[in-house]
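K.L.:
Here it is: the structure, laid out below.
The values are calculated or read from the model by the stated rules, or taken from the named source; none is laboratory data. If you're wondering where the values come from, they're calculated on a predicted model, not measured in any experiment. Don't worry about glycine lacking a Cβ; one is built from the backbone with ideal geometry, like all the others, and counts go over all protein chains shown.
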């Protein structure tokens, strides 16, 4: 028998149920009240829904919702827009359907909602790391929205510390690079005109398959090429630039590029156009060296900063008793002292950004300034 403390059947109707006295008492004690119009009994073999979620054996999103999102995403990829349909009652009581233009950010939220539910379920029941069909759709959408139809140039660095370096370096050199930054003549406020793409520690990096370092960039290049071939909507107004250290980590990426373009980049190449709006930029080689990394662009005074008796070591592995690493260097040295740091050696990197902007404009037509 079903516990009468939770619910009881109405007399004469086995499918009509009333909340039990104990359940009603607990709900009232918590300061809530039952709404009879929204109270119903859901059977084990029927679809059980709570606040729009299916909660039978596990939490899930309604099939109709997923199909709706998939249809809107497909239309966005095909035409560049999509619509929400709303049922309304017109004059004379006739039912009509009204279409409202949708925004990509709305679809982003809907896909993120679906992904969040799936991620919750995977924590309970772990599966392999292969992307599901829903995750592949989410990845395709992120590439479309954030990279293929980006409203400004996009730079993807190897990690979050590089973003800190680039942000403060362009602020320090803004007056010399009007294509990369604006300075408000009244307030002096600097607006950076390219996006530093953030992906570490969030769902974007997980779905796109990129993390810190260059290890995942080769696979990202291949998957991005495959995904943009599906898009029929206009895009690629702005370049997507991968910025990497010019060290041994470049080789797998160079090999991937060779498999696509037929030519392996040379370490002295300032940048390489790979396909579409995707470009690779490497850090400049200094004084005839064969390798370089972005930290080489800092002056010696900055790199020699001592923190708590420790010196800076830019390598991935170091003695933590004697040295501090890139994260502390970025957030405890560069960020708080940016106004006094000499960023001159970053100019070759920004020169390469500008060259890519110019080449891309010649390839696809010059868009209005971001």
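K.L.:
Condition check: in contact (Cβ under 8 Å) with a residue 12 or more places away in the chain, within 25 Å of residue 174 (Cα to Cα) and not assigned by TED's automatic domain parsing to the domain that holds residue 167. Does residue 314 satisfy that? It would help to see each step written out before you state the result.
P.N.:
On the way: in contact (Cβ under 8 Å) with a residue 12 or more places away in the chain: yes; within 25 Å of residue 174 (Cα to Cα): no; not assigned by TED's automatic domain parsing to the domain that holds residue 167: yes.
No.
Yes/no per residue for (1) part of a helix (DSSP H, G or I); (2) in contact with a helix residue (DSSP H, G or I) (Cβ under 6 Å, 6 or more places away or on another chain); (3) not assigned by TED's automatic domain parsing to the domain that holds residue 158:
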site	(1), (2), (3)
179	no, yes, no
187	no, no, no
215	no, no, no
226	yes, no, no
230	no, no, no
243	no, no, no
248	no, no, no
254	yes, no, no
259	yes, no, no
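K.L.:
Which count do you get for residues in the range 273-303 that are free of Cβ contacts under 8 Å to residues at least 60 places away in the same chain and assigned to a strand (DSSP E or B)?
P.N.:
Adding up the residues that qualify gives 6.
K.L.:
Within the range 304-328, which residues are touching a helix residue (DSSP H, G or I) at 6+ places or on another chain (Cβ under 7 Å), in a helix (DSSP H, G or I) and crowded, with 16+ Cβ neighbours inside 10 Å? Please lay out each step first, then the result.
P.N.:
Keep residues of the range 304-328 that are touching a helix residue (DSSP H, G or I) at 6+ places or on another chain (Cβ under 7 Å), which gives 305, 307, 312, 314, 326-327.
Retained after the next criterion (residues that are in a helix (DSSP H, G or I)): 326-327.
Correct list: 326 only.
K.L.:
Next question. Go through the range 103-133 and count every residue that is touching a helix residue (DSSP H, G or I) at 6+ places or on another chain (Cβ under 9 Å), at pLDDT 90 or above and either over 18 Å from residue 233 (Cβ atoms) or buried (at least 17 other Cβ atoms within 10 Å of the Cβ) (or both).
P.N.:
Residues that pass the stated criteria total 5.
K.L.:
If you scan the range 232-241, which residues turn out to be surrounded by fewer than 20 Cβ atoms within 10 Å (Cβ to Cβ) and either within 12 Å of residue 282 (Cβ to Cβ) or not assigned by TED's automatic domain parsing to the domain that holds residue 276 (or both)?
P.N.:
Within the range 232-241, none qualify.
K.L.:
Among the residues of the range 58-84, how many are under 18 Å from residue 103 (Cβ atoms) and surrounded by fewer than 12 Cβ atoms within 10 Å (Cβ to Cβ)?
P.N.:
Looking only at that region, the number is 2.
K.L.:
I need the full set of residues from the range 129-162 which are over 16 Å from residue 241 (Cα atoms) and not in a helix (DSSP H, G or I), in order please.
P.N.:
Scanning the range 129-162 gives 129, 130, 131, 132.
K.L.:
Condition (residue is exposed (fewer than 13 other Cβ atoms within 10 Å of the Cβ) and farther than 30 Å from residue 358 by Cα) applied to the range 179-189: is it met by at least one residue? Quick ask: steps written out before the conclusion?
P.N.:
First, the residues of the range 179-189 that are exposed (fewer than 13 other Cβ atoms within 10 Å of the Cβ): 184-189.
Subsequent filtering for residues that are farther than 30 Å from residue 358 by Cα retains none.
No, there is no match, as no residue in the range 179-189 is exposed (fewer than 13 other Cβ atoms within 10 Å of the Cβ) and farther than 30 Å from residue 358 by Cα.
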